[in-house]
Structure formats: structure tokens, C-alpha cells
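Questions regarding the structure given below will be posed in turn.
The values are calculated or read from the model by the stated rules, or taken from the named source; none is laboratory data. Note that the coordinates shown come from a computational prediction; the quantities given were computed from them, not determined experimentally. Cβ placement follows ideal geometry from the backbone for every residue including glycine, while neighbour counts extend to all protein chains displayed.
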Amino acid sequence: MGESRNNFKIMLFIRSANDNDIFFKRDGRRFESENTIKLLVEANYNFTITIKPSLPLQSVSVSGVGVSVTDLSQQETEGSKYTFSWGSIKVNPNKKKDRTTVQLLFQFQDGLTLVLPLQVKFYRPEETDHLIWGSPLNHIEYNCIVKPGQTYVDIVKEIFR
């Protein structure tokens, strides 16, 4: 019984504030991560995270800055659901062959921590054609485990859908 409490499925949804699709591109092994998410600088993004089974979230920071979190868990039948917004206001556009890691840090009840490093290529607002090359990102699924005695969540598998 204790085993299942240590396994989590987390789904991360990202939308632009004006509800446009976000795109990603498979980069293979050229960078730290196989997939690159494409975002604009000086734009706002809405993130939704669902956690099954339910795990109470206490705080979120994006690249070291705390963000305000809204609890939507009452909408979920068998898990937790939270939403938060983040703006890429102080982010520089990436040069060719360059990527930025946007680190999402989740602090859960019971002192558990999860770090989700998102590999992002940031584009200038006028570079919208490049922004939609690749595949539309519905969500990223993370299969996670907490080993006995650990205070951090390990990502076992990451799936871009």
C-alpha cells in the first residue's frame, strides 16, 4: 500500500495568456533535454499542473521567483490541480543553437520538492513564424517517484504529448 503513495503522475499544461498553442521541437541529443519548448520573450503564460494521486502543493517558483498559485483541486476527482501564471518579461531571446532552462520548483506538503527543468528557446515578438515550427504541445507528462527517506521527487519518465 505504501508503494503507490510514492508514485505520482504529473501533467503540466502551458498556454499563452491569449490562449494560443505552445509548440515544441525535438532536438535529439544536441542539448540537455531532447525537447525544446518555444516561447516568446515579453509574454505571459498560464501553467496548469495536475497531480495524481493528490499531493497538496504549497508553493511554486519559476526561475527562482515565487509565483501566485490558485488551487483548482475541487475540479479534480482523483488528484490535485493548480494553476499559475508567469511572464517572460526579463528573459533575453536565444541566439541560434542556444537554449534557456526555465526551472519550475514545486514545494509540496510534507517537505517534498520537485524540480522541472524546461528547455526553452525564447523568440522575439516579431519572430512568430519560427515559434510555430514543430508540434503543438498539449501537455508534458512526468512519471515520478519518491524513494523512502527522500525529500525530493525523482522524474522517472518525461513524455511530450
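Can you confirm whether region 20-36 contains a residue that is free of Cβ contacts under 8 Å to residues at least 60 places away in the same chain, crowded, with 16+ Cβ neighbours inside 10 Å and part of a strand (DSSP E or B)?
Checked region 20-36: no residue is free of Cβ contacts under 8 Å to residues at least 60 places away in the same chain, crowded, with 16+ Cβ neighbours inside 10 Å and part of a strand (DSSP E or B).
Sticking with this structure for a sec: Return only the number of the condition from (1) closer than 23 Å to Lys9 by Cα; (2) at pLDDT 95 or above that Pro93 does not satisfy.
(1)
How many residues are more than 16 Å from Ile10 (Cβ to Cβ) and outside any loop (DSSP other than H, G, I, E, B) when one looks only at region 111-161?
Total satisfying the criteria: 12.
Could I ask something else about it? Which count do you get for residues in region 1-21 that are at pLDDT below 95 and of a type in the set (A, V, I, L, M, F, W, C)?
3
Sticking with this one: Yes or no: Gly87 among the small types (Gly, Ala, Ser) and within 15 Å of the chain's Cα centre (by Cα)?
Yes; evaluated as a whole, the condition is true for this residue.
Also: Which members of region 111-121 meet the condition of being over 14 Å from Phe31 (Cβ atoms) and either among the hydrophobic types (A, V, I, L, M, F, W, C) or in contact with a strand residue (DSSP E or B) (Cβ under 6 Å, 6 or more places away or on another chain) (or both)?
First, the residues of region 111-121 that are over 14 Å from Phe31 (Cβ atoms): 111-116.
Those that are over 14 Å from Phe31 (Cβ atoms) and either among the hydrophobic types (A, V, I, L, M, F, W, C) or in contact with a strand residue (DSSP E or B) (Cβ under 6 Å, 6 or more places away or on another chain) (or both): Leu112, Thr113, Leu114, Val115, Leu116.
Could I ask something else about it? Being among the hydrophobic types (A, V, I, L, M, F, W, C), modelled with pLDDT of 95 or more and more than 18 Å from Asp98 (Cα to Cα) is the requirement here; does Leu118 meet it?
Details: among the hydrophobic types (A, V, I, L, M, F, W, C): yes; modelled with pLDDT of 95 or more: yes; more than 18 Å from Asp98 (Cα to Cα): no.
No; evaluated as a whole, the condition is false for this residue.
Please enumerate the residues belonging to region 127-161 that are among the acidic types (Asp, Glu) and either at pLDDT 95 or above or more than 20 Å from Lys97 (Cβ to Cβ) (or both).
Glu141, Asp154, Glu158
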